[in-house]
Amino acid sequence: MKVMVFLFGIVNSMNKAVICKDVFGKEYIVDAGDLRQRIGVYAIIIEDGKILLTRQWDGYSLVGGGVDKGESLEQAFAREVEEETGLSTMPDKLIYQATTFFKKDESAPPYQSFQFYFTHKSIEGEINNDGITVSEGGYTNDVAEWVTLEEAKNIVLRHSVDMETILDALEKDSERNS
């Protein structure tokens, strides 16, 4: 997904507007002054040539979500992984960061999201979705599952950064460290 930011306005070109997208790709033009800010942290959990993804809407998403107030990125990472997968782990390396603009739907407020993507350290536990929150239950429809990296390139990813970008960042990080 490409994020576009542009100047908007015929009379006053100083008013900024941004295009926000929802998880289905619908675009909304919003005044930048109306944006709320959100910090998100996402887990790139890869084991044996497979990536762990959550089932959301009619597709998949990366494990992760918003950082709560008073919470560090590391704490949010561990909490989100445990909530969405039942597994315990901690972040290892930051491999990618992005700024995106989104709305949950037409009536929802617009967000500017600062997103951080981490690899993981060792994982423990069994996959389950016992920790899914009430709000997550509205769009998460199954337990997390392992998807081969080859299959992951062709799935419907309901996330603001596409799978190719994430896998490219992972490959570049691997090349830097080899």
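Of note:
- Cα shape, the stretch 89-138, gyration tensor, a/c 1.5 rule: oblate
- Sorting 21-32, 161-172 by average packing, meaning the other beta carbons within 10 Å per residue, from highest down gives 161-172, 21-32.
- Mean separation of Cα contacts under 8 Å (6+ apart) over length of the chain, as relative contact order %: 26 percent
- Normalised alpha carbon radius of gyration of the chain [divisor 2.2 N^0.38 Å]: 1.07
- Couplings 3J(HN,Hα) for the stretch 112-119, derived from phi with the Karplus relation 6.51 cos²θ - 1.76 cosθ + 1.60 (θ = phi - 60°), are 9, 10, 9, 10, 10, 10, 10, 6 Hz, where x marks Gly and Pro.
- Scaled against the 2.2 N^0.38 Å expected of a compact globular protein of N residues, the Cα radius of gyration of the stretch 57-141 reads 1.14.
- Only helices enter the 222 nm calculation for the chain: every DSSP H run of n ≥ 4 contributes -39,500 (n - 2.57), and dividing by all residues gives -5000 deg cm²/dmol, rounded to 500.
- As a ratio to 2.2 N^0.38 Å, the alpha-carbon radius of gyration computed for the stretch 29-92 takes the value 1.30.
- Among 104-116, 42-54, the order from most to least packed when residues are scored by Cβ within 10 Å on average: 42-54, 104-116
- Subset of LYS21/LYS172; LYS26/LYS50; LYS16/LYS172; LYS69/LYS103 violating a 23 Å alpha-carbon distance limit: LYS21/LYS172; LYS26/LYS50; LYS16/LYS172
- Share, in percent, of DSSP beta bridges within the chain that are antiparallel, nearest 5: 75 percent
- Helix axis angle, 73-85 relative to the chain longest principal axis, alpha carbon, degrees: 70 degrees
- Spatially proximal aspartates and glutamates relative to LYS153 (Cα-Cα < 12 Å; intrachain offsets below 8 disregarded): ASP162, GLU164, ASP168
- Less than 5 angstrom separates the built amide H of ILE132 from none of the residues sequence-distant by 5 or more or on a different chain.
Throughout, read-outs are computed from the coordinates displayed, never taken from laboratory work. All values derive from a computational prediction rather than experimental measurement. Glycine gets a Cβ as well: all are built from the backbone with ideal geometry, and neighbour counts include every protein chain shown.
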